[in-house]
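Worksheet: the structure to be examined is printed underneath.
The values are calculated or read from the model by the stated rules, or taken from the named source; none is laboratory data. Everything quoted here is computed from the prediction, not taken from an experiment. Methodologically, a virtual Cβ is constructed for each residue, glycine included, from the backbone with ideal geometry; neighbour enumeration extends over all protein chains shown. Surface accessibility is based on the protein's heavy atoms, side chains included, excluding ligands, DNA and RNA. Shrake-Rupley method; radii C 1.70, N 1.55, O 1.52, S 1.80 Å.
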Amino acid sequence: MDIRPCAPEDRDALEALFARAGEGSPTGTLWGDPESEALIYLTPYLRNDPQSVLLAWTQSGPVGYLAGCLDTAEFPREDKLFSDAISARLIMRRPSSVAFFARSAADAIRDRLRKRPASGELLDPRWPAHLHINVAPEARGTGAGAALMAAWIDRLREHGVPGCHLQTIVENHGAVRFFERSGFRVHGPTPPVPGIRWQGGRVHQQTMVQEF
């Protein structure tokens, strides 16, 4: 297993991996348009700091990636990335995508009326860095995820970053266990995530943090 930052010549392979790496998870696909999802969860990381986008390679090609940010306060806000991606890809003209966003809006209204905590970004100087990680189905359990996470933590320590956070889904028990093995601990409330359904029910955001 070789772990290295994404180089310009790796971009096509990374984009293909992005489109399928989350398969089988609650967030494997959101509104059914990988290109616009990449504009939120991948492209900004490549633009902001390509050295913080790591790929796990085998002889057959890349099997996992980690998109990281050293300082969330310096990164574009997620709501701005969402609105830009929706506009760029004309998402609201696609029936399947419109259904997702309509459900998201309805969920958000119900949660607000019931005074439930809202899901969203974490901005805390104790854990300024954040990450997204995904491994292709065929490479899960091979150590690719652990190798990516170890390389990312080494990078954070080299840069003197005091801590890192991530956000996953409570119902994705395998992911939560993986992050705990990697040194993260659960933090804060677990609000419902608008729009997403998994096994017939709503899912909940789990923030996890680690200090160095």
Square roots of five times the C-alpha gyration tensor eigenvalues of the chain, ordered largest first and given in whole Å, equal 26, 21, 17
When only C-alpha pairs under 8 Å and at least 6 residues apart count, what is the relative contact order of the stretch 2-211, in percent?
24
The local net charge around residue 147, scoring Lys/Arg +1 and Asp/Glu -1 for residues other than residue 147 whose Cβ lies under 14 Å from its Cβ, equals +2
Residue-normalised value, i.e. accessible area per residue, for the chain at 1.4 Å probe, in Å², stands at 50
Mind ranking 123, 113, 156 by accessible surface for me, highest first, 1.4 Å probe?
113, 123, 156
Note down the net charge around residue 122, summing +1 for each Lys or Arg and -1 for each Asp or Glu among other residues with Cβ under 13 Å from its Cβ.
-2
From the Cα gyration tensor of the stretch 78-188, with a ≥ b ≥ c the square roots of its eigenvalues, which class applies: rounded if a/c is under 1.5, or else prolate if a/b is larger than b/c, or else oblate?
prolate
Over the chain, what percent of the accessible surface lies on carbon and sulfur atoms, probe 1.4 Å?
53
Just how much of residue 69 is accessible, in Å², when a 1.4 Å probe is used and the result is rounded to the nearest 10?
0
In whole angstrom, how far apart do the alpha carbon centroids of the stretch 30-97 and the stretch 157-212 sit?
18
